Amino acid sequence: MAAHISKTFLNVLNRGSVSVVNKHHHRSVWVISSCCTRTVSSISAAEPGLTPRLSSHLHGKSYTELHELSLRDPETFWGSIAGERLTWSKRFEQVNDCDLATGRINWFLGGQLNVSVNCLDVHVARDPDRVALIWEKDEPGTEERVTYRELLEATCRLANTLKSYGVKRGDRVAIYMPVSPIAVAAMLACARIGAVHTVVFAGFSSEALAGRIQDAQCKVVITCNQGVRGGRLINLKATVDAAVESCPSVQRVLVARRTDNPISMGKLDTPLEEAMASASPECAPEPMASEDMLFLLYTSGSTGKPKGVVHTQAGYLLYASVTHQHVFDYSPGDVFGCVADIGWITGHSYVVYGPLSNGATSVLFESTPTYPNPGRYWETVQRLGINQFYGAPTAIRLLLKYEESWVKRYDRSSLKTLASVGEPINHEAWEWFYNVVGDARCPLVDTWWQTETGGICIAPRPAHEGGEIRPAMAMRPFFGIQPALMGEKGQTVTGNDVNGALCISKPWPGMARTIFGDHQRFVEAYLKPYPGHYFTGDGAYRTEDGYYQITGRMDDVINISGHRLGTAEIEDALDAHPDVPETAVVGVSHDIKGEVPFAFVVLKEKAMQEQEVVLEELRRLVATKIAKYAVPDHFLVVKRLPKTRSGKIMRRILRKIAMDQTDSLGDVSTLDDPSVVMEIIQAYKQTFRG
Ligand code: PRX
C-alpha cells in the first residue's frame with residue numbers, strides 16, 4: 001500500500017511515531033480493547049430475511065420488528081446500539097431527552113466520547129495498515145492511498161497545528177477545500193480538539209464564504225492554493241484572500257498545497273504542510289460531551305440567509321455509522337465510493353464520518369463524471385474495485401445521453417450496491433443506472449434525506465422481508481424514523497394512496513439540534529409548521545402499499561444539480577443591482593440539472609435601453625455573491641410582478657409561465673391587478689418564442 005501513497009501526503013508524516021490511543025497510553029482515559037465497544041467484526045453480513053446485526057441485543061430480528069421497536073422503545077433500541085458501536089470515554093447515563101415542540105433535542109446524555117477516536121484510533125489499534133482513504137485525483141490513474149495509521153498521524157499533526165494557532169474547544173474553523181485527504185484530516189483534527197468545523201463548498205464565491213465565516217465567527221480558515229477539477233485549476237486561495245478581508249474574526253489562514261504553482265502568502269497565511277511537519281504526531285483526544293457541537297453546515301432555506309445547521313457528536317456519529325452500514329449493505333473490507341464533495345452533508349456523512357466510523361475504505365472523488373470522458377465513473381469503479389457506488393441523479397441523467405459502451409467497456413463486477421441522493425431520481429435515470437451500470441444485478445437504493453437530518457431517513461434498505469425495491473422510490477423509513485404526511489389544514493393524512501407535507505414525528509439521534517446562533521429560527525422553520533413534528537419542506541406520496549415517494553420541495557427552495565438553493569438568495573443578489581427595483585426567481589425543470597433558476601426582472605426605466613448589459617451584470621452579480629451554479633439560466637424582463645392585494649408575489653403563476661404552462665394558471669382572481677398576467681405572458685412569448 002505504502003508505495004501508492006503520495007509524496008505530497010507523506011510530506012507531513014513522520015513514520016513510526018503513531019499516536020494510537022490504547023491501553024498503554026497512560027495519559028489517556030481512552031481504552032480500546034477487544035472486550036469493549038464496537039468491533040468491526042460486529043458488522044456481519046445479512047442473513048436471509050433478517051437485518052444484519054445492529055447490536056447483540058438486536059440480533060436476529062427482521063426489519064419490521066426492529067423498526068417497530070425503534071419507535072416504541074428508542075431507549076432500548078438506540079441505547080444498546082450506542083453502547084456497543086461507539087467507543088466512549090464516559091458511558092452515557094440517559095438515552096434521550098427530547099421535546100419536538102420546543103426543539104430540545106438531546107441524545108446520550110452524560111456520555112463523553114471523541115469522534116476522531118471512533119473514526120481513527122479504534123481502527124489503528126486493530127489494523128493500522130488498512131486503507132482509510134483512496135484519493136481519486138482528477139487525472140485517472142494517479143490515485144493515492146492513505147492508511148488509518150497515516151490518517152491518524154496527519155490528523156494529530158493538524159490538530160496540534162490548530163492548537164498552536166490558538167484554536168480551542170468550541171472555536172469554529174472554516175474549511176474551504178475540495179475533497180482530499182488533507183481536508184478529511186482537517187475535519188477530524190477539529191473533532192480531535194473539540195473545535196467546530198464548517199466546511200464551505202469550494203464552489204462558493206468569496207462573498208458567500210465571507211458570510212459563513214462571519215456568521216460562525218471562525219478563528220481559522222483552512223484552504224489550499226488551488227483546486228483541480230476536470231483538468232482545470234481553481235484559485236481557491238484568491239477566493240479566501242478576498243473573503244477574509246471582511247472577516248475580522250479570522251486570525252490565521254492555513255494553506256495546503258494541491259499544485260506546485262506559486263502562491264502569494266500574506267501576513268495571515270501559514271503553509272499547512274510545513275506547520276504540520278514540525279507539529280507533534282500525537283494529540284490526546286478531547287473528551288466531548290455527546291451534545292457538544294461537532295460541526296456547522298450552512299444550507300439554504302426559503303427565506304433569509306443560509307442557516308448554520310448544527311450537528312452534535314454522539315447522535316450524529318451513531319446515525320451516520322448505522323445508516324452507512326445498513327442502507328448500503330456495507331461489509332468489512334468493502335471499498336465505499338461516494339462521489340459527493342465534502343462541502344455538502346453527503347460528503348460529511350458518507351465520505352467521512354459514516355465510512356470511517358465503520359473502518360471502511362472510503363473513496364475521495366476529486367474529478368467530474370465526464371473527465372476525461374463519460375466513462376470516468378466506471379473506469380474508476382474497475383480500477384479501485386468499488387463495492388458501493390453512491391451518486392446523484394443529475395450525473396446519471398448526463399451520462400445516459402452517451403453511448404452505453406462508455407459503461408460496458410469497464411468491469412463493474414465489484415459493485416454490490418448502487419445508490420442515489422440529492423433530488424428525485426426519474427424513472428429513465430433509475431432504469432439506466434440499474435440495468436446498464438448495475439446489469440440488473442445490484443440493488444439500487446434511492447436515499448432521501450437532508451442536511452438537517454444528518455443521515456438517510458427513507459431508503460429501500462435495510463431489506464424488508466423479500467427485499468423488494470421499487471424503481472425511483474425511497475420507500476421505507478430507516479430505524480427510528482416515523483414519517484407522517486400532513487394536509488393543508490395541518491391534519492395528519494392517514495391511509496394509503498395519499499399526498500401530503502412530509503414530516504417526521506419522533507426525534508432521532510442524527511437530527512439537527514438547532515441553527516447556529518438562532519434557535520428561534522430553527523423552531524420556526526422546522527417545528528412550528530406542524531406542531532409536534534419535524535417538517536422537512538418536502539412533499540411526499542404514500543403509495544397503496546405504504547411506501548414513500550418524494551414529490552419535491554414545497555417551499556421556495558430549488559435543487560440545481562442536487563445543490564440546494566433558496567430562490568430568495570438569488571433574488572437578494574439580483575436586487576443589489578442599482579437598476580433593478582424588483583425580481584422574482586422560480587425553479588423550472590431541466591432535463592439534466594433537475595431544476596434551474598428562472599429570473600423575472602423589473603428594470604428601472606433608464607436601464608431598459610441597455611437590457612443586455614444589465615443582464616450580463618446580473619449574471620456576474622449572482623456568481624460573485626453566491627456561486628456560478630446559482631446564475632439563472634433564463635431572464636425575463638417584465639414591467640411588473642404579479643402580486644396579491646397584500647403585496648405578496650404570486651410565484652405559483654410565475655412558475656407556470658416560466659414552464660410555458662399558461663393553460664393551467666389556476667385562480668388569478670386574488671391578484672391586485674390580474675392584467676399583469678397577460679403582460680408577462682406576452683413578454684415571455686416575445687423573448688422565448690421570438
Ligand atoms: O428536496 C429534498 C432533496 O434534497 C433536499 C435536501 O437537500 P440537502 O440538505 O442539500 O441534502 C441533500 C443530500 C442529502 C431534500 O429536502 N432530496 C434529497 N434526497 C432526495 C431528495 N429528493 C428526492 N429524492 C431523494 N432521494
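Taken together, the values in this text are just the output of simple stated rules run on the coordinates, not laboratory data. The shown structure was predicted, so the numbers you read here are calculated from the model rather than taken from an experiment. Cβ atoms come from the backbone with ideal geometry, glycine included; neighbour counts cover every protein chain shown.
Which FRET efficiency, nearest 0.05, do M608 and Q214 yield, Cβ-Cβ r, R0 35 Å?
Rounded to the nearest 0.05, the efficiency is 0.45.
What whole number of Å gives the distance from the Cα centroid of the stretch 428-464 to the Cα centroid of the stretch 525-598? Result: 22 Å between the Cα centres. Close amide H contacts of Y298 (hydrogens built in the peptide plane, cut-off under 5 Å, sequence separation of 5 or more or a different chain): V309. Taking a cut-off of 20 Å between Cα atoms, list the aspartates and glutamates near K528, but don't count ones fewer than 8 places away on the same chain. In chain and number order, the partners are D97, D99, E452, E488, D518, D538, D555, D556.
A viscosity of 0.692 mPa s and a temperature of 37 °C, combined with the Kirkwood radius over C-alpha pairs in the Stokes-Einstein formula, give the chain a diffusion coefficient of 127 µm²/s. Less than 5 angstrom separates the built amide H of I342 from those of V179, all sequence-distant by 5 or more or on a different chain.
Working from Cα pairs under 8 Å separated by at least six residues, relative contact order for the stretch 246-377 is 14 percent.
Using the Karplus relation 6.51 cos²θ - 1.76 cosθ + 1.60 with θ = phi - 60°, the per-residue 3J(HN,Hα) values for the stretch 626-641 come to 10, 5, 4, 5, 8, 5, x, 6, 10, 10, 10, 7, 10, 7, 9, 10 Hz, with x marking Gly and Pro. Near V220, the amide H atoms lying under 5 Å from its own belong to A174, Q251; only residues 5 or more places off or on other chains count, and H is placed 1.01 Å from N. For K604, a cut-off of 21 angstrom between C-alpha atoms picks up these lysines, skipping any fewer than 8 places away in its own chain: K639, K643, K648. Measuring between alpha carbons in the structure, the pairs from K237/K625; K307/K628; K137/K168 lying more than 23 angstrom apart are K137/K168.
Per 0.36 nm of contour for each residue apart, how much would the distance between D518 and S414 grow if the chain were fully extended, relative to their Cα-Cα spacing?
Details: separation 104, 0.36 × 104 = 37.44 nm, distance 4.60 nm.
Result for the pair: 32.8 nm of gain on full extension.
Across the stretch 93-109, rounded Karplus estimates of 3J(HN,Hα) from the backbone phi angles (6.51 cos²θ - 1.76 cosθ + 1.60, θ = phi - 60°) give 9, 9, 6, 8, 8, 10, 9, 5, 6, 9, x, 8, 10, 9, 10, 6, 5 Hz, Gly and Pro being marked x. Taking every DSSP beta bridge that has both residues in the chain, what percent is antiparallel when rounded to the nearest 5? About 60 percent, rounded to the nearest 5.
Fewest neighbouring Cβ atoms within 10 Å first, the residues K90, K506 line up as K90, K506. Across the chain, the mean sequence separation of Cα contacts (distance under 8 Å, 6 or more residues apart), normalised by length, yields a relative contact order of 12 percent.
Taking 8 Å as the Cα distance limit and 6 or more residues as the minimum spacing, I'd like the relative contact order of the stretch 321-450 as a percentage.
Rounded, it is 23 percent for the stretch 321-450.
Extension gain, Q251 to E428: 0.36 nm times the residue separation minus the Cα-Cα distance gives 58.7 nm.
Which residues in the stretch 425-445 have a backbone N closer than 19 Å to a point placed 7 Å from the Cα of Y402 along the Cα-to-Cβ line? Counting backbone N atoms under 19 Å from the label point, the list is 429-439.
Calculated FRET efficiency, R72 to A277, Cβ-Cβ distance, R0 = 60 Å: about 0.65 to the nearest 0.05.
In the chain, helices alone account for a calculated mean residue ellipticity at 222 nm of -7500 deg cm²/dmol, with every DSSP H run of four or more residues adding -39,500 (n - 2.57). With a Förster radius of 56 Å applied to the beta-carbon distance between M678 and N496, the computed FRET efficiency rounds to 0.85. For the stretch 257-265, backbone phi angles converted through the Karplus equation (6.51, -1.76, 1.60; θ = phi - 60°) give residue-by-residue couplings of 10, 9, 10, 8, 5, x, 10, 8, 9 Hz, Gly and Pro being listed as x.
Placing pseudo-labels 7 Å out from each Cα toward the beta carbon at Y371 and S669 gives an inter-label distance of 5.6 nm.
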